[in-house]
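The values are calculated or read from the model by the stated rules, or taken from the named source; none is laboratory data. Bear in mind that the values here come from a model prediction, so they are computed numbers and not experimental data. No Cβ is skipped: glycine too gets one built from the backbone with ideal geometry, and neighbour counts run over all protein chains shown. Side chains included, ligands, DNA and RNA excluded: accessible areas come from the protein's heavy atoms. Shrake-Rupley method; radii C 1.70, N 1.55, O 1.52, S 1.80 Å.
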Amino acid sequence: MHIEFEFSVFLQKNKPMPSDCITYQNSGQFTKLMIDYLDEKSALKPFYNHFPKIENFKYQIEEKSLNFNTVDNSKRQNLVAELKKQYSNSNASEATLNNIKLLEDNSTFTITTGHQLNLFTGPLYFLYKIVSTINLCKQLKSEYPNNNFVPVYWMATEDHDFEEINFFKLKDKTFRWNKESNGPVGRLTTEGLEKVFKVFANEIGSSINAEALKTLFENAYINNSNLADATRFLANELFKNEGLVIIDGDSKALKRHFISQAKKELLEQTSFQKVSKTNEMLKDYFVQVNPREINLFYIEDKLRERIVFENGIYKINNTALEFSESEILNELENHPEKFSPNVILRPLYQEIILPNLCYIGGGGELAYWLELKSNFDANNITFPMLLLRNSILLATEKQNKKADKLNLSWSDLFSTQSELTTKKTKEFSAFTIDFSAQKEHLKKQFENLYTIANATDKSFLGAVKAQESKQIKGLENLEKRLLKAEKKNHNDQLERILSIQNELFPNQKLQERYVNFSEFYLEFGNSLIEVLLKELKPLSQEFKIITLK
């Protein structure tokens, strides 16, 4: 398993390969819906626009141009003005400012990813989503030189699931921000994060890379007053040289472009009708989200509650606020910033205000995007291409050598612990732990008895079947006991195997969904980001293993 960080090939089941790696389909980490989408199964084609292949972007560009560009360019000008406002207190790089200016041009398009405001980025895949977005823009510029492509990170500032974002993990330690939260998380003050910083700073030591992490955390979370500004600063510091543009949708100016769709939602409940019908068509898969009758929240600094329609009145759930139809439409017109789209409508809002071609997300995200195309069609908004973000396993040279010494392939390491220990025990054993031959021999012995039984009483036939089942079951039990005994005999080797697997898959979970980037930054510094930018190929559809030096 001598894999350098530039290595990447597919592993096909039951086919010998010169080296090891994992396809998304064979990684065991994706749902049937995602696998069928990646395989471009015909049953799913009604639920997306163009599949993310480099040649298909030509058609997406044409469609988005017709749908988004206006004669007076007002949409783009308003977008640029709002972005400049949001960056007014940030140290934006020249590359980012140039990309913002490019958005005024009708030949410029965005590639977008979105993510929650996880404390200190949360798990590693935050980085992978953004790098996938940046690298796709570079690839598109090479293929379509007459256009410009801007990488965008959409901050999920209007979410309210604080318990999902208020922590990060480093070397099995959890650093948690304890704070009461009721409204949109982006508006939360950063009060209390100085305590998290103190614990984190004490934990990571005083190396050069540790001091860089401390500075990054302190400048982001101690020197900014709210979580949205802190997250913008953090993402900007990590990726500003790549021209990343960070956008906060919690904006009155931007939501003015969403008023007509929000009005349609309040009066006609279009999204409920369209998405419900789509979900019925997708019933053979796990449905990621279900629509509500009205898919809007009413938000203030410390309030985020659903809008419900009861007996001709629009009510704000769990409050005393009520509106008649004319009153809520007047509220929408005067205060669009108070109307927040939920997971069903947020993608529509995003695509209305951005000249976007493609959304990059994880499997769960793309699963709910696939529910939404009919609602986009009903609102005459171009549905973006959907690209599964890069997935990565980071390993050190030391871990690589350990796996080599234990004769482990990456396919082995992606197995469940039960599968892995069973496979390795059978390899270690001096004899075959498989009683298939004995079972087959037993079945042949019973063939003559069945011939006799069929010529006599039915009760005898039943007795023969019962005896055969009993003896087959006995062989299976012996097989299990032999496997258990052999596992005990080879316990030391199996423990070493599980030890390296647990290092790479902490808590038996994907590393990218568990570990914070700081764990690798402490050892590798900025080279971590550099390697990701060099090696990630967004359109490749592979679970990449990178060995860090």
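How far apart, in nm, are the 7 Å Cα→Cβ label points at Asn219 and Ser499?
4.0
Is the shape of the range 81-138 rounded, prolate or oblate, going by the alpha carbon gyration tensor and its root eigenvalues a ≥ b ≥ c, with a/c under 1.5 for rounded and a/b larger than b/c for prolate?
Values: a/c = 2.29, a/b = 1.36, b/c = 1.68.
Oblate.
What aspartates and glutamates could a cross-link reach from Lys173, if we take a straight Cα to Cα line under 12 Å and drop same-chain neighbours fewer than 8 places away?
Glu203, Glu519
Charges only on Cβ, +1 for Lys and Arg, -1 for Asp and Glu: so what's the dipole of the chain about the Cα centre, in debye to the nearest 20?
Working: 70 positive and 73 negative charges, 321 e Å.
Approximately 1540 debye in magnitude.
Under 5 Å between amide hydrogens, which residues at least 5 positions from Asn148 or on another chain qualify, with H placed 1.01 Å from N in the peptide plane?
Close amide H contacts, sequence-distant or interchain: Thr108, Phe109.
Can you sort Tyr221, Tyr368 by solvent-accessible area, 1.4 Å probe, largest first?
Numbers: Tyr221 0, Tyr368 25 Å².
Of Tyr221, Tyr368, the descending order of accessible area is Tyr368, Tyr221.
Quick query: amide H of Thr547 versus all other amide H atoms, modeled in the peptide plane; which residues come in under 5 Å with a sequence gap of 5 or more or a different chain?
When sequence neighbours closer than 5 places are left aside, the close amide H contacts are Phe5, Ala395.
With a 1.4 Å probe and all protein chains in place, put Ser374, Ser340 in order of accessible area, largest first. List each step's numbers first, then the result.
Details: Ser374 35, Ser340 0 Å².
Greatest to least solvent exposure: Ser374, Ser340.
For the range 112-119, in order, what is each residue's ³J(HN,Hα) by Karplus, 6.51 cos²θ - 1.76 cosθ + 1.60 with θ = phi - 60°, in whole Hz (x at glycine and Pro)?
10, 10, x, 7, 5, 8, 4, 4
Of the options Phe414, Asn91, Ile381, report the single residue whose Cα projects farthest towards the positive end of the charge dipole of the chain (beta-carbon charges: Lys, Arg +1; Asp, Glu -1).
Phe414
For Lys398 and Arg481, compute 0.36 nm times the residue count separating them, minus their Cα-Cα distance, and round to one decimal in nm.
Working: separation 83, 0.36 × 83 = 29.88 nm, distance 3.56 nm.
This chain segment gains 26.3 nm when fully extended.
Per residue of the chain, what 222 nm ellipticity follows from adding -39500 (n - 2.57) for every DSSP H run with n ≥ 4, rounded to the nearest 500?
Details: 24 runs with 262 residues, N = 549.
Mean residue ellipticity at 222 nm (helix-derived): -14500 deg cm²/dmol.
Could you tell me the calculated FRET efficiency between Leu321 and Asn290, based on Cβ-Cβ distance and R0 = 22 angstrom, to the nearest 0.05? Provide the component values of the computation, followed by the final result.
Working: r = 25 Å, r/R0 = 1.13.
The formula returns an efficiency of 0.30 here.
Tell me, in nm to one decimal, what length is gained between Ile35 and Lys85 on full extension, where the rule is 0.36 nm per residue of separation less the Cα-Cα distance?
On the way: separation 50, 0.36 × 50 = 18.00 nm, distance 4.13 nm.
The span from Ile35 to Lys85 would gain 13.9 nm if fully extended.
Can you send over the carbon and sulfur percentage of the accessible area for the chain, probe radius 1.4 Å, protein chains only? Before the final figure, lay out each step's value.
Details: 12060 of 25590 Å².
The C+S portion of the solvent-accessible surface of the chain is 47 percent.
Hey, got the dipole for the range 236-289? About the Cα centre, +1 on K and R Cβ, -1 on D and E Cβ, debye to the nearest 20? It would help to have the intermediate numbers written out before the result.
On the way: 9 positive and 8 negative charges, 68 e Å.
The dipole of the range 236-289 has a size of about 320 debye.
Modelling each spin label as a point 7 Å along the Cα-to-Cβ direction, I'd like the Lys171/Asn334 distance in nm, to one decimal.
5.7
How large is the accessible surface of Leu83 in square angstrom, using a 1.4 angstrom probe and rounding to the nearest 10?
About 0 Å², ignoring ligands and nucleic acids.
For the range 188-198, take each phi angle, set θ = phi - 60°, evaluate the Karplus expression 6.51 cos²θ - 1.76 cosθ + 1.60, and give the result in whole Hz per residue in order, putting x for glycine and proline.
Running phi through 6.51 cos²θ - 1.76 cosθ + 1.60 with θ = phi - 60° gives 4, 6, 8, 4, x, 6, 5, 5, 4, 4, 4 Hz.
Calculate the spin-label point distance for Asn73 paired with Lys537, positioning each point 7 Å from the Cα along the beta-carbon direction, and give it in nanometres.
Each label point is offset 7 Å from its Cα along the Cβ direction, giving 3.8 nm.
With P(r) over Cα pairs in 20 Å bins from 0, in percent as the read-out, I listed (1) 18, 46, 25, 9, 1; (2) 15, 30, 26, 18, 10, 1; (3) 18, 42, 28, 10, 3, 0; which label goes with the value calculated from this structure?
(1)
Leaving out ligands and nucleic acids, note down the accessible area per residue over the chain with a 1.4 angstrom probe, in whole Å².
Values: 25590 Å² over 549 residues.
On a per-residue basis, the chain sits at 47 Å².
By how many nm would the segment from Glu280 to Lys465 grow when fully extended, if each residue of separation counts as 0.36 nm and the alpha-carbon distance is taken off?
On the way: separation 185, 0.36 × 185 = 66.60 nm, distance 4.38 nm.
Extra length from Glu280 to Lys465 when fully extended: 62.2 nm.
Find which of Leu267, Phe57, Ile392 sits farthest along the positive direction of the dipole of the chain, computed with +1 on the beta-carbon of Lys and Arg, -1 on that of Asp and Glu, about the Cα centre.
Highest projection toward the positive end goes to Ile392.
Which cross-chain or sequence-distant (5 or more) residues have an amide H under 5 Å from the amide H of Phe339, H modelled 1.01 Å from N in plane?
Hits under the 5 Å cutoff: Ile299.
Using a simple charge model, +1 on the beta-carbon of Lys and Arg, -1 on the beta-carbon of Asp and Glu, nothing else, what dipole does the range 475-515 show about its Cα centre, in debye to the nearest 20?
Details: 8 positive and 7 negative charges, 28 e Å.
Using Cβ point charges on Lys, Arg, Asp and Glu, the range 475-515 gives about 140 debye.
Going through the cross-link list Lys41/Lys423; Lys64/Lys129; Lys53/Lys240; Lys398/Lys534; Lys53/Lys277, which pairs have a Cα-Cα distance over 25 Å in this structure?
Working: Lys41/Lys423 32 Å; Lys64/Lys129 23 Å; Lys53/Lys240 27 Å; Lys398/Lys534 22 Å; Lys53/Lys277 28 Å.
The answer is Lys41/Lys423; Lys53/Lys240; Lys53/Lys277.
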